[in-house]
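Structure record follows, encoded as structure tokens.
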Amino acid sequence: MLLMLLPTSVFQTLIARCHQRNVYTKVEYDELMMTLERHYLTKPIQLGKYHRLFSLQQQSGQSTNDFASQIGQVTRRCKFPIDLPRAQAIVFAMGYRDDKVRSELIQRDHMSMEAALEHARQLEGVLKETSRSNRPSNLTELSSVNQVCKSGAATTTSTPCHRCGKTGHKGDACRFKDKTCHCCGKRGHISSVCRSASKQQQKQLKQQQSTQKRKKETQQQNSHNKLSVDFVKIAQTAGQTTPGQYFSTLCGLS
């Protein structure tokens, strides 16, 4: 009759808890009841009940009779008498200062203060290791840390280098860190960012650098054009010479 009244989900859970045995013929009634109780009945945490009892305070607007009645109702859920070691454990757990440790202590019914003390030390060790690692405890903190790192990196790469004035790198990685400034004669920066030079001098230096750059580009372009003309001449004479003469032309021996 019991098995017929059970919901399908409970019946399937019972079969699984009985290791797939035939619950109709292979499992006794007492074992079935014990299995259901172990799975569905939660054992009340007595220490939590005591914590609630000894933490009771008369609320604003609550009459004296109502407060006394509330104490009686909570007391009925606790087991008495309490022996001395257990009472010490209750006081220890309730009076613990750290909220995180206390919330864990009151979830276990310690039989003595020594047991509660050992549990508290273990919890303290876990909290110390967690704080020492400085790891984000949730996704929100992790996202915040990543955002700070990204903004820090962006600030670093967007700041002009004090050695050359360009962005995208730090001063330690600048290729001009060993160069000597033509303006002040000091080593470690170039003249375009020299703080010793006046604004007029810096302007003239920039103009000179720009002129030199254009001159260099013009020379490279002329060299490229000359090379192209030489190749055209070689191609034109290639069909009129022997292989040996052509090779000599390429090598500049003719």
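Each reported figure results from applying straightforward, stated rules to the coordinates on display, with no laboratory input. Keep in mind that what you see is a predicted model, and the values were worked out from it rather than measured. Positions of Cβ are generated from backbone atoms using ideal geometry, with glycine treated the same way; all protein chains shown enter the neighbour counts.
For the reader, a short list of remarks on this structure follows.
- Each residue in THR211, THR35, THR25 was given a count of other beta-carbon atoms within 10 angstrom of its own, and listing them fewest first yields THR25, THR211, THR35.
- Gained length - LEU56 relative to GLN212, 0.36 nm times residue gap less alpha-carbon distance: 47.4 nm
- Residues SER112, SER210 arranged by fewest to most Cβ contacts within 10 Å: SER210, SER112
- Calculated FRET efficiency for the pair ASP98/ALA68, C-beta based, R₀ 30 Å, to 0.05: 0.40
- Extension gain (nm, one decimal) between LEU36 and ARG76, 0.36 nm per residue minus Cα-Cα: 11.8 nm
- Taking amide hydrogens as placed 1.01 Å from N in the peptide plane, the amide H of LYS166 sits under 5 Å from those of CYS161, each at least 5 positions away in sequence or on another chain.
- For ARG132 and VAL10, a Förster radius of 35 Å and the Cβ-Cβ distance give a FRET efficiency of 0.15, rounded to the nearest 0.05.
- Contour excess over end-to-end distance, with Cα ends at CYS184 and VAL91 and 0.36 nm allotted per residue: 25.9 nm
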